[in-house]
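First comes the structure, then the notes that go with it.
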Amino acid sequence: MTGAIDLLLSVRGHQRVPSDTKEFHEATKRDALMRLKKDLDHLLETVEDSRKNGVQREMCGFEALYHRFLQEDGPSVEWDRIEKLPEGAVKDYSTLKLPQEAHIRDMLDKLVVVKLNGGLGTSMGCHGPKSVIPVRNDLTFLDLTVQQIEHLNKKYNANVPLVLMNSFNTDVDTEKVIRKYKGFQVQIYTFNQSCYPRISRDSLLPIAKDFDIENDIEAWYPPGHGDFYQAFQNSGLLRKFIEEGREYCFLSNIDNLGATVDIKILNRLIGDDKQGDKPIEFVMEVTDKTRADVKGGTLINYENKLRLLEIAQVPKEHVDDFKSVKTFKFFNTNNIWARLESIERVLNAKTMNMEIIVNNKTLDNGMRVIQLETAVGAAMKCFDGGIGINVPRSRFLPVKKTSDLLLVMSNLYSLKYGSLVMSPQRMFPTTPLVKLGDNHFSKVKEFLSRFANIPDLIELDHLTVSGDVTFGRGVSLRGTVIIIANHGDRIDIPAGAILENKIVSGNMRILDH
């Protein structure tokens, strides 16, 4: 059976197969779907009554995703049918207007801020939700987010709620943490994204035996941020906010410190700058591509609709075209603005049809599994009147690695009401390119132990550090700096050192005497 399933997974899109092979695949798919339904029924029998309705809804979503995974043949995008972006499809941020001060409160009261908070800090060597990693002045991603929204609410006497989409990995810890914000002028809501069973790559069936998720956590996964729409509706919050008269949600990753509420964009949607009778249903914030962003998703025009194109959807022979900064000038920041009533309409009409990301993983026990996921921006094609807005790079400041952490902790930025503001002393609006060696810098604890304090980066363009390197207090890095300690050697950059356009290699150690 293994070979048959592998064949099924690899031959998608190849139309010219003998009819008997095609029939074999069809039979395999039918068989897989029938057996999946049986397995899901067995799993549902293990759910306690109080949770049954919610779990059943989630499993319906999983079954629909699985069914599409089996049915869809070939690439979701035919390369030759991609068209040039039409005039005006991507608005330039500089053309947006600030609203009149008197209107801002009313506009804010029609907004909901959603942060994607399902990720763990394990890739940076931290336990628990990524959002509770300290990133600046001992403040966490969550602290900074709450400060930003509270500042808006106080300044304009508004009531913008903060909604956190947790996963089963982060919800318990997040609920404990948010208690400390009770005295703040911001209402915080949480809901969980779905919890789906991982599928064996060999049998195409769930590897979970029951719904005791905590005892078999490797058998389950959160299915990507594209699950936001359905999970938001399932939680009851979508309907609640519509009934309150709220019109739009602004959604972003909690680790993107540049994704703050932007009054100009909000004004374009519901304020003085609103144009035409038809409301804009979906906005994707994009920014100019650099060489560091060539793998990021981009906006395309396809079948007369704007849509997100991810590298995973690109045929191998066109990957270099996709990475071209000339052909595809923008990439998706994953800052999304969506109209609440439109989300509800698309969900109720069952036309939310996002491309499936097949994420292959190997578990610690060697088992090969598949996770079926979707991306939140991929829903763009399901809405009417979608636009892109080309925003400044400052609205894309994600912290995925310790190299990003170095930038946001440095004197490149100052902190103002929870927002990071680029220093006016920086001559270029772009951030330096930083590469830190995985062996010595990838975990937050070890990364911090290598700096007596964070160096001055105001005039830095490019930094590469590899090997056993430490930095003394008051170091200044300027231009292009490359520091490479060979295997078995160690380099200690002395306190007060100024490195400008320097390559440091070999073994340099400052010893006490």
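The values are calculated or read from the model by the stated rules, or taken from the named source; none is laboratory data. Note that the structure is a prediction, hence the values are computed from the model and not measured. Note that each Cβ is placed from the backbone with ideal geometry, even for glycine, and that neighbours are counted across all protein chains shown. Areas reflect the complete protein model, heavy atoms only, side chains present, ligands, DNA and RNA absent. Shrake-Rupley method; radii C 1.70, N 1.55, O 1.52, S 1.80 Å.
Rounded to the nearest whole Hz, the Karplus-based 3J(HN,Hα) values (6.51 cos²θ - 1.76 cosθ + 1.60, θ = phi - 60°) of segment 428-441 follow the sequence 10, x, 7, 8, x, 8, 10, 10, 10, x, 4, 4, 10, 10, with x at glycine and proline. The overall shape of segment 337-430, judged from the alpha-carbon gyration tensor, is oblate: a/c is not under 1.5, and a/b is no greater than b/c.
Let a ≥ b ≥ c be the square roots of the eigenvalues of the Cα gyration tensor of segment 400-496; is it rounded (a/c under 1.5), or, if not, prolate (a/b larger than b/c) or oblate? Before the final figure, lay out each step's value.
Values: a/c = 1.86, a/b = 1.62, b/c = 1.15.
Prolate.
What's the magnitude of the charge dipole for the chain around its Cα centre, counting Lys and Arg as +1 and Asp and Glu as -1 at the beta-carbon? Answer in Debye, nearest 20.
Numbers: 67 positive and 69 negative charges, 205 e Å.
That gives the chain a dipole magnitude of about 980 debye.
A cut-off of 5 Å between modelled amide H atoms, ignoring neighbours fewer than 5 places along the same chain, links Val114 with Val163, Phe250, Leu251, Ser252.
Take peptides 230-236, 182-188 and line them up by average Cβ neighbours within 10 Å, highest first, as a rough protection proxy.
Working: 230-236: 20.3, 182-188: 13.6.
My ranking of the peptides, most packed first, is 230-236, 182-188.
Which percent, to the nearest 5, of DSSP beta bridges fully inside the chain are antiparallel?
Values: 36 of 85 bridges.
Of the beta bridges lying entirely in the chain, close to 40 percent run antiparallel.
Of the peptides 282-291, 135-144, the order by per-residue mean of other Cβ atoms within 10 Å, starting with the highest, comes out as 282-291, 135-144.
Distant-in-sequence amide contacts of Asp468, defined by a placed amide H-H separation under 5 Å and a gap of 5 or more residues or a different chain, comprise Ala485, Ile491. Counting only DSSP H runs of at least 4 residues, each contributing -39500 (n - 2.57), and dividing by the residue count of the chain, the helix-based mean residue ellipticity at 222 nm comes to -8500 deg cm²/dmol. Backbone phi angles across segment 346-360, fed through the Karplus curve with coefficients 6.51, -1.76 and 1.60 (θ = phi - 60°), yield HN-Hα couplings of 5, 5, 5, 7, 6, 10, 7, 10, 8, 4, 8, 9, 8, 9, 7 Hz in residue order; Gly and Pro are listed as x. Averaging Cα coordinates gives a centre for segment 201-247 and one for segment 480-507; these two points are 47 Å apart. Residues in segment 444-459 carry Karplus couplings, in order, of 4, 4, 5, 3, 5, 5, 8, 10, 4, 7, 5, x, 6, 10, 3, 9 Hz; the curve used is 6.51 cos²θ - 1.76 cosθ + 1.60 with θ = phi - 60°, and Gly or Pro positions show x.
Taking all protein chains as present, what is the carbon and sulfur share of the accessible area of the chain, in % to the nearest whole number, probe 1.4 Å? Could you put the intermediate results ahead of the total?
Working: 12130 of 24940 Å².
Of all accessible area on the chain, carbon and sulfur atoms account for 49 percent.
Considering only DSSP beta bridges with both partners in segment 392-513, what is the antiparallel share in %, to the nearest 5? Expressed as a percentage, antiparallel bridges in segment 392-513 total about 15. Would you be so kind as to identify which of Phe331, Val261, Val294 lies farthest towards the positive end of the dipole of segment 227-332, taking Lys and Arg as +1 and Asp and Glu as -1 on Cβ and the Cα centre as origin? Highest projection toward the positive end goes to Val294. Amide H contacts for Lys91 (H built 1.01 Å from N in the peptide plane; partners 5 or more residues away or on another chain; cut-off under 5 Å): Gly388, Ile389, Asn390.
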